[in-house]
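In what follows, a single structure is set out as structure tokens and then discussed.
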Amino acid sequence: MIIKEVFMKNFGKFHNERLRFQPGINIVYGGNESGKSTLYTFFQGIFFGLRRKRGVASRTDTYTRCLPWENPSWYEGSVLFEAGKKDFRLERNFESRSQEAELYCVTDGEKMSVEEGDLEILLGGATQRIYENTAAIGQLKTRTEEGLTEELREYLTNFQTEGDFRLDPGAALDRLKDRRKEWEKEEKKAREKKERAREKLLDRIQYTREEIEDLEEKLERSRESFRDIGQDRQEEKPAEDRRESSFPLVFAALFFLGFLAGCAGAIFFQLSWLIPALIFLLGGAFLFWYFRDRGEKASARSRKEQDRAIRNERKKGQQITWKEALQDKRNLLYNLQEELEELENDNEKILKAQKEVQSISLAEKMLAKAAGNLQSRRGNFLKERTWEIFGELTQGRYQRGIIDENFQIRLDTGDRYAGLHQVSQGTAEQVYFALRMAAGELLCREEELPVILDETFAMYDDKRLCEALEWLHKNRAQVILLTCTRREIEALESLGIPFHQVDLQIRAGIRSNS
Amino acid sequence: MRFFHIADVHLGAEPDKGYPWSQDRSREIWDSFRRVIEQAGRDHVDLLLIAGDLFHRQPLARELKEVNAMFSTIPDTKIVLIAGNHDYLRKDSPYRKFPWGKNVWGLWSQEFSHVDFPEMGVRVRGCSYESREIRQPLYDSLKKSGEMPVEILLAHGGDEKHIPISRERLIAGGFDYVALGHIHKPQVLLEDRIIYPGSLEPTEKNDTGVHGFVKGEIKKGKVRTAFVPWAVREYKELRIPVTRETTQYRLTQFLQELIKKMGEKHIYTVLLEGKRDPDTEFHLNQLYSLGNIRAVEDQTRPGWSLEELCRKYKGSLLEEYIRSFGEKPDEEAEKALEYGIGALLETGEEIL
């Protein structure tokens, strides 16, 4: 990008001020209070807007400092620049809160849209922060050695985060870890819940098993008792039968024989008929007694039998009930086992949590890797390029340097490494300058921005100044150098480097009414 | 001749175990079945076909007693049952031994068998499951015998592991009516002829939509059927569109009204879809109290586009991170991307 013209309609002490610039080196020369710093601010403000602080701080912020001295409600300006072989005009009204800008393509006579990012594209994606850290080099705030070292280190630390948004990889990783822990807790909870349900089911299964065993035992016992009864009866019966059939027969035969003997005696020996009659009667009485006894016995037995039959019947009924219950319990056991199987296979909630955990773990891994890659890639480029530029600037006086993990910088003086505090302030500033130029190349790869230097070389000796100017002349498309001395002009003239000079009129430090 | 065709009643199931409505659902399944029997009685239905999975698991004797008692209240209705894959005939299955009432016929064998009802001129053929799975396409080669004026096939299955069914072959079988079971979603394979009535009541969260049974009439060899919505409640899926403007409060309000409108008795699965404000994170747990909500799934994506982010944070870690996932991240990677971007943006700070 080449800035062609700046028009400050109303900006700080400037009023309808039009400044023209050329490609190559431009020297803006003006004494103190001529408005160089205001111009420096304008370059930033026109492209990115002016930052406003809130509250009391706003009284001293850049925005307030650059409020037009006259007509403060009319706070605007424009810039004409070339990018991609086309001319553009950017106008900005600083007065309103949003400081909206309007962008025109002068070559095509077209209005562009800042909201939709047309300006961003023209700036090659450079943000205000990138611009401040690379192309625009303001006056160093501190001039002490430690201050400079500190500033350099801070610059390198923050260098990881360009843009207006500072990413914090450490905090992001912590956040991810927290979220992963949440899901891990979910997973644990789901597992515990499942385990509780499983235990409950296992209890029921165990209980049903016991019931089954109990029933099986009962059935076995009842079957045994059935067998026992059957055996008893079989053992009992023949003895009884024998008694029943043989015992009275002997008696009956005896009586019958007695009776016959009596009869024979009465006939042949003319004994009294009373004897056989007596025997007959005796036999009859015995028979009567016997049959009555037998009948009684039989009825008693049949009652016993009936009882037994009822008992057996009841037992059989019970057996059937038990058998049915057993079968039911077995089916229930089967059902419970099926339920257990289903439960064990149901990992829906656990898997869901696991999936989240996996995703987050992957995010953590990738983020750490991306951060590492970026840092090393960038760091390497930055280191290489910084020492390259530094080498060119110092014309080989220092070969290389080292930037370590803690952004400690050491310079290779040929025989030893010297800390930054051990070399001269000018050298330290050269490192700083090289670093910025390298960073600019790294971060604004798509569009080279003009380098704006505000009294950057004040601490350089003549030799260093010439080296720097020469380097800029060779390596940068446009440089705008703000200075209050003629050193740079003289140096350029002596080096024979062409340059464009812009003179700023010295303006009164207080508002004049003229 | 009038008939009812029910299937997949799943008596004894405990849907959504662990959720507050689970017990109620268990009871409602029994109630719904009882009401169908009562309805069959009122409508003087001649034939009640139960196409398998009457029970969710192995039936217990007392449960069969209960069912048989219900059947006995409609003595004029002939009832034919088969066992499906859930209540399949184990060796101890009480289905076979149970002293069923006079109006109940079970085709308790994996071999095809049939019952004839000469007074109606109807034959019902079918077979039961004797194992949890049957992978053979048993119905493929089955043909109407022609021995009765009307022949009905009582069948259960229709997926890879449970008697695969080919529609064409079923049609070619020539049955006057095929009473199917197993698929829980009601569907008609052939108008008035080959029908899944679906489960009588939905038994799990995927059984969305209307549930009921099929009633039909066969007159002079012509079959006419109608679906009867019967289930007490439905599983419904609510897709809630989310935009950048959706907040927790608005979401709650919206869901509450929607559930009120669609019926508070139903059971819902809530899906949040669309692009949410990247800074918004919904508290899903709070939504469960708004009704019978089975699950809330947040499928929203943060409303950023990766290209936009890459452009906005050009050269930064964020871009490096996004690019490190390549062109086409898989599902896990996409989630990881989202988590990482979220964490970076949440922990970063505006520099002013």
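FYI, it's all coordinate maths here, none of it is from the lab. Model, not experiment: these values are computed from the prediction. Reconstructed Cβ throughout: ideal geometry from the backbone, glycine too, with neighbour counts over all protein chains shown.
Checking the a/c ratio against 1.5 first, then a/b against b/c, what shape does the Cα gyration tensor give for the range B:43-141?
Numbers: a/c = 2.16, a/b = 1.17, b/c = 1.84.
Since a/c reaches 1.5 but b/c is at least a/b, the shape of the range B:43-141 is classed as oblate.
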The answer for A:Val28, listing residues at least 5 apart or on another chain whose modeled amide H is closer than 5 Å to its amide H, is A:Leu481, A:Leu482, A:Thr483, A:Val502
1/(1 + (r/R0)^6) with r = Cβ-Cβ of A:Arg227 and A:Lys194, R0 = 51 Å, i.e. FRET efficiency to nearest 0.05, evaluates to 0.55
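In what sequence do B:Ser113, A:Ser34 fall when counting other Cβ within 10 Å, fewest first? Before the final figure, lay out each step's value.
Details: B:Ser113 16, A:Ser34 19.
Lowest count first: B:Ser113, A:Ser34.
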Each label sits 7 Å from Cα toward the beta-carbon; between A:Glu182 and A:Gln354 the label points are separated, in nm, by 2.2
Note on the range B:2-229: alpha-carbon gyration tensor, axes a ≥ b ≥ c; rule is a/c under 1.5 for rounded, else prolate if a/b larger than b/c, else oblate; result rounded
Log entry: pair-distance distribution for the range B:235-347, C-alpha pairs binned every 5 Å from zero, whole % per bin is 2, 11, 20, 19, 15, 11, 9, 7, 4, 2, 0
Amide H proximity to B:Asp53 below 5 Å, modelled H, separation 5+ or other chain, gives B:Gly84, B:Asn85, B:His86, B:Asp87
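DSSP loop trypsin sites (Lys or Arg not before Pro) in the range A:427-501 with at most 12 other Cβ atoms within 10 Å of their Cβ, which ones?
Values: sites: A:Arg436, A:Arg445, A:Lys463, A:Arg464, A:Lys474, A:Arg476, A:Arg486, A:Arg487; in loops: A:Arg445, A:Arg476, A:Arg486.
Those satisfying the criteria are A:Arg486.
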Distance in nm between B:Arg244 and A:Leu249 label points, each 7 Å along Cα→Cβ, equals 12.0
With only helices counted (DSSP H, runs n ≥ 4, each -39500 (n - 2.57)), the per-residue ellipticity at 222 nm for the protein assembly as shown, to the nearest 500, works out to -15500 deg cm²/dmol
When all Cα-Cα pair distances of the range B:139-290 are considered, the percent exceeding 23 Å is 54
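What does the charge count near B:Leu153 come to, summing +1 for each Lys or Arg and -1 for each Asp or Glu among other residues with Cβ under 11 Å from its Cβ? Walk me through the numbers before you get to the answer.
Working: positive: B:Arg123, B:Arg125, B:Lys143, B:Lys144, B:Arg193; negative: B:Glu151, B:Asp176.
Around B:Leu153, the surrounding residues sum to +3.
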Given backbone amide H placed at 1.01 Å from N, residues whose amide H is under 5 Å from that of A:Ala136, ignoring those fewer than 5 places away on the same chain, are A:Ile452
Whole-Hz Karplus couplings 3J(HN,Hα) for the range A:215-223, θ = phi - 60° and coefficients 6.51, -1.76, 1.60, Gly and Pro as x, run 5, 4, 5, 4, 5, 4, 5, 5, 5
Taking the alpha-carbon centre of each part, the distance from the range B:294-325 to the range A:344-420 in Å is 23
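Whole number please: convex hull volume per residue, Cα atoms of the range A:196-346, in Å³.
Working: hull volume 12.5 nm³, N = 151.
Once divided by residue count, the hull of the range A:196-346 is 83 Å³.
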Here the percent of antiparallel bridges among DSSP beta bridges lying wholly in chain B, to the nearest 5, is 35
Two pseudo-spin positions, 7 Å from Cα along C-beta at B:Ser166 and at B:Lys220, lie apart in nanometres by 3.5
Here FRET efficiency (C-beta to C-beta, B:Lys17 to A:Asn373, R₀ 41 Å, nearest 0.05) is 0.25
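Please arrange B:Val270, B:Val104 by how many other C-beta atoms lie within 10 Å of their C-beta, fewest to most. Before the final figure, lay out the partial values.
On the way: B:Val270 24, B:Val104 19.
Fewest to most other Cβ atoms nearby, the residues stand as B:Val104, B:Val270.
Can you pull a Stokes-Einstein diffusion coefficient for the protein assembly as shown at 20 °C (1.002 mPa s), Rh from Kirkwood over Cα pairs, as a whole number of µm²/s? Could you put the intermediate results ahead of the total?
Values: Rh = 37.8 Å.
This corresponds to a translational diffusion coefficient of 57 µm²/s.
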One finds the C-alpha centres of the range A:319-335 and the range B:141-172 to be spaced, in Å, by 35
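Within the range A:356-436, report the GluC sites (Glu not before Pro) that DSSP leaves as loop and that have at most 11 other Cβ atoms within 10 Å. Before the final figure, lay out each step's value.
Numbers: sites: A:Glu356, A:Glu364, A:Glu384, A:Glu388, A:Glu392, A:Glu405, A:Glu429; in loops: A:Glu405.
Answer by residue number: A:Glu405.
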Fewest to most Cβ atoms within 10 Å: B:Met1, A:Met8 sort as B:Met1, A:Met8
For the range B:48-112, listing GluC sites (Glu not before Pro) in a DSSP loop whose Cβ sees at most 15 other Cβ atoms within 10 Å gives B:Glu111
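By the scheme Lys and Arg +1, Asp and Glu -1, what is the net charge of all other residues having a beta-carbon under 12 Å from that of B:Gly263?
On the way: positive: B:Arg233, B:Lys236, B:Lys260, B:Lys261, B:Lys265; negative: B:Glu234, B:Glu264.
Within the 12 Å Cβ shell, the charges total +3.
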